[in-house]
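Reviewing the structure listed below.
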Amino acid sequence: MSVKSRYGVPNDAVITIAGTVGVGKSTMTKTIAKALNFRTSFEKVDSNPYLDKFYANFERWSFHLQIYFLSERFKEQKRIFEYGGGFVQDRSIYEDTGIFAKMHYEKGTMSGVDYETYKSLFDAMVMTPYFPHPDLLIYLEGSFEDIVDRIKLRGRPMEQQTPIEYWKEMHDRYQNWINNFNSCPVMRINIADYDIVNDAGSIEPILDRISYFIQQSRQLTGKFSPEKVKL
Ligand SMILES: Nc1ncnc2c1ncn2[C@@H]1O[C@H](COP(=O)(O)OP(=O)(O)O)[C@@H](O)[C@H]1O
Ligand SMILES: Nc1ncnc2c1ncn2[C@H]1C[C@H](O)[C@@H](COP(=O)(O)O)O1
């Protein structure tokens, strides 16, 4: 049976954190999961066998990398389902196709045949009635300058060597993508409005909003809600 955490979030909820590279997804994932006592699902960066190669040569490795990310995220999706929820996920599966694969195809660093093959695999795996969508997608947004500062601060070598135009293109695409996204409920947060690194308390209003959003959307969709049991 689903019960609520301290903040009123059902303990079987699945929350995914979306946003461009460096915006603060991993930091937010850890903070929310700790507060709610949820499990985490992170992207594999250090052990990713293609990422370094991809940044060195987009044309050669973009298809391989997309297939790798798709397979890793799908396995994570399965793990979340098997645990019965209670997860915060660092980056959504939707961004792989809606941002990265599309961008590389449109900029000419993924071939049309590879892109069609990737999309058809993605649609067969994800866009089916059997795929559980998250209860909430938290979209982190901020100014391009602040995000580039964070990429520099984190200092992953492969990202430092990437031309700034790549991050600008991605930043602009994200804004367009989120304005048209409708696969699950969305809660937007501007990174200028909180600072969970230096002010731990700034997560509190975010947790209250998460709780409100999830309860509202579960009532609308008729998904099991603890309130209904109490009545
Ligand atoms: N709220 C915040 N305030 C200040 N710095 C932050 C905040 N969130 C993240 N950072 C810093 O920004 C950098 C990128 O954050 P990270 O969570 O790794 O981003 P992402 O997972 O979106 O790529 C890290 O150096 C992190 O410490
Ligand atoms: N689907 C993807 N295609 C290309 N690159 C990707 C994809 N998903 C993540 N990445 C890259 C971007 C960053 O360099 C690292 C980790 O992302 P982060 O936003 O820092 O969590 O992987």
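The values are calculated or read from the model by the stated rules, or taken from the named source; none is laboratory data. Treat the numbers as computed from the prediction; the structure is a model and nothing was measured. Note that we place each Cβ from the backbone using ideal geometry, even for glycine, and neighbour counts take in every protein chain shown.
What number of residues in segment 26-37 are surrounded by fewer than 23 Cβ atoms within 10 Å (Cβ to Cβ) and either under 28 Å from residue 177 (Cα atoms) or within 15 Å of ligand 1 (Cβ to nearest atom) (or both)?
So the answer is 8.
Please pick out the residue among 82, 72, 43 that is more than 9 Å from ligand 2 (Cβ to nearest atom) and surrounded by 14 or more Cβ atoms within 10 Å (Cβ to Cβ).
The unique qualifying residue is 72.
Within segment 78-93, can one find any residue that is assigned to a strand (DSSP E or B), aromatic (Phe, Trp, Tyr) and touching a residue at least 60 places away in the same chain (Cβ under 8 Å)?
yes
From the list 118, 166, 174, which residue is at pLDDT 95 or above, closer than 27 Å to residue 31 by Cβ, within 16 Å of ligand 2 (Cβ to nearest atom) and under 20 Å from the mean Cα position of the chain (by Cα)?
Answer to the selection: 174.
Taking segment 15-40 only, how many residues are among the hydrophobic types (A, V, I, L, M, F, W, C), closer than 21 Å to residue 199 by Cβ and within 12 Å of ligand 2 (Cβ to nearest atom)?
Total meeting the criteria: 3.
Working carefully through the options 113, 23, find the one that is modelled with pLDDT of 95 or more and in a helix (DSSP H, G or I).
Exactly one of 113, 23 is modelled with pLDDT of 95 or more and in a helix (DSSP H, G or I), namely 113.
Residues that are within 13 Å of ligand 1 (Cβ to nearest atom) and of a type in the set (Val, Ile, Thr): does segment 60-70 have at least one?
No.
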